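Heads up, the thing below is written out as structure tokens.
None of the figures in this text is laboratory data; all of them are computed from the coordinates on show. All figures in this text were calculated on a predicted structure; none of them were measured in a lab. Please note: Cβ atoms are built from the backbone with ideal geometry, for glycine as well, and neighbour counts cover all protein chains shown.
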Amino acid sequence: MKILIIEDSRAVAAVMAARLSSLGHEVDVAENGAIGVDKFETGQPDLVFMDIEMPVMNGFEATNRIRAHEAKQPWAWTPIIFLTASDTAETSSPPSKPAATISCPSPFPNWCSKPR
């Protein structure tokens, strides 16, 4: 499976990439939402792990741009899993939440929840 990790923390991204690679997945990493959108459009991953709070472009805006790109494509919708180390109201329920599949506390939790 091709997996894209969009995460500004190098440590979190490295741990996730190492673990997913050890399970046989092809992993690419982007350090912010803008780079992540570019890598998504050129790489067409099967799954995206998206940090919410990042410099340059946050995870909500990046997800909106990914969904807009997907709407013009003949291929299927890609699951996006939001990651966050925060549990504030701004990160748990933004004003116009994009279509994420689930959200998880970061880094790489034992449980995940559907977005509220």
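Remarks
- Net charge of neighbours whose Cβ lies under 12 Å from the Cβ of Ile66, counting Lys and Arg as +1 and Asp and Glu as -1: 0
- Once the chain from His25 to His69 is taken as fully extended at 0.36 nm per residue, the excess over their C-alpha distance is 13.5 nm.
- All other residues whose Cβ lies under 11 angstrom from that of Lys2 are scored, Lys and Arg at +1 and Asp and Glu at -1, for a net of -2.
- Karplus 3J(HN,Hα) series, Hz, for region 10-16 with 6.51 cos²θ - 1.76 cosθ + 1.60 (x for Gly, Pro): 4, 5, 4, 4, 5, 5, 4
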